[in-house]
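What follows is a single structure, written as structure tokens, with notes after it.
Derivation of every value follows stated rules applied to the coordinates shown; laboratory data play no part. The shown structure was predicted, so the numbers you read here are calculated from the model rather than taken from an experiment. All Cβ positions, even for glycine, are placed from backbone atoms using ideal geometry, and neighbour counts span all protein chains on display.
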Amino acid sequence: MRSISYKWIEFLILFIFIPISYTFNYHIVIKMIIGILGFVYVIYILLEIEKKAFKMSRNINWKLFLKETLLKFLIIAVLTTLFVYFNNKSLLFSVMLSKPLLWVFMLFVYSFLSVYPQELIYRTLYFQRYKSLFKCQHVFILINALVFAMAHMFFKNSLVLVITFLGGLLFAITYYKTKSTLLVSIEHAMYGCWLFTVGMGGMLGFPT
């Protein structure tokens with residue numbers, strides 16, 4: 001399970017074949033079973049093969065992280081607010097204003113049941129296990145963003161692919177710099193929750 005050939009096969013199945021398969025029309029229960037089994041396998045690899053410990057690092061530079069993340073968040077907030085305003089003004093903050101309880105519930109569910117598992121797979125596992133497959137660090141990060149975007153192909157929306165690719169780049173860079181699943185999960189949750197809040201959640205599967 002540690003050989004290069006095994007890792008390549010594993011990489012192709014987890015990050016290429018399964019996401020592509022989700023774009024085809026077959027029963028949602030089967031897709032859920034594949035997803036659950038895949039996630040269990042990822043946890044097994046991290047704990048038993050890679051010996052990855054799930055604990056918070058004491059060397060986190062919270063001040064620098066918050067400063068950089070809030071700056072990126074401000075830029076994203078301005079751009080996305082303008083985008084919604086000029087494309088469909090009626091969606092702007094619509095869920096937060098009309099269904100505040102649903103809004104709070106979805107932010108909670110998304111942050112804990114979607115973001116963290118995604119980061120375990122696409123950052124923690126990816127950076128821990130597949131670094132040896134790529135000689136160039138820039139290519140390694142670029143591929144991470146590409147496969148992260150591919151994970152969202154089932155939405156069948158080109159704008160979603162662009163957004164998730166750019167988000168994947170930001171998350172990959174953050175993880176590369178911090179080596180922290182917690183920090184990249186916080187950043188991911190901030191941006192995703194904002195998209196839902198500003199009115200772009202519909203294209204990402206959020207209820208509207």
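Brief remarks follow.
- Mean Cβ neighbour count within 10 Å, used as a protection proxy, ranking 32-39, 166-173, 1-8 highest first: 166-173, 32-39, 1-8
- The mean sequence distance of close C-alpha pairs (under 8 Å, at least 6 residues apart), as a share of the length of region 4-204, puts its relative contact order at 34 percent.
- Neighbour-count order for His188, His27, His152, fewest beta carbons within 10 angstrom listed first: His27, His152, His188
- Across region 1-49, the convex hull enclosing all Cα atoms gives 60 Å³ per residue.
- J(HN,Hα) series, region 193-208, from Karplus relation 6.51 cos²θ - 1.76 cosθ + 1.60, nearest Hz, glycine and proline x: 5, 5, 4, 5, 5, 6, x, 9, x, x, 6, 9, x, 6, x, 10
- Sequence of Thr208, Thr69 once ranked by neighbouring C-beta atoms within 10 Å, starting from the fewest: Thr208, Thr69
- Sum of side-chain charges, Lys177 neighbourhood, beta-carbon under 12 Å (Lys, Arg +1; Asp, Glu -1): 0
- Its DSSP H runs of at least 4 residues, each contributing -39,500 (n - 2.57), put the calculated 222 nm mean residue ellipticity of the chain at -19500 deg cm²/dmol, to the nearest 500.
- From the Kirkwood radius over Cα pairs of region 104-208, Stokes-Einstein at 37 °C and 0.692 mPa s returns a whole-number translational diffusion coefficient of 235 µm²/s.
- Solvent-free Debye scattering, log10 I(q)/I(0), computed from the Cα coordinates of region 4-204 at q = 0.16 Å⁻¹: -1.17
- Fewest-first sequence of Glu48, Glu68 by Cβ atoms within 10 Å of each Cβ: Glu48, Glu68
- Trypsin sites (Lys or Arg not before Pro) within region 41-108: DSSP coil, no more than 15 neighbouring Cβ in 10 Å: Lys51, Lys55, Arg58
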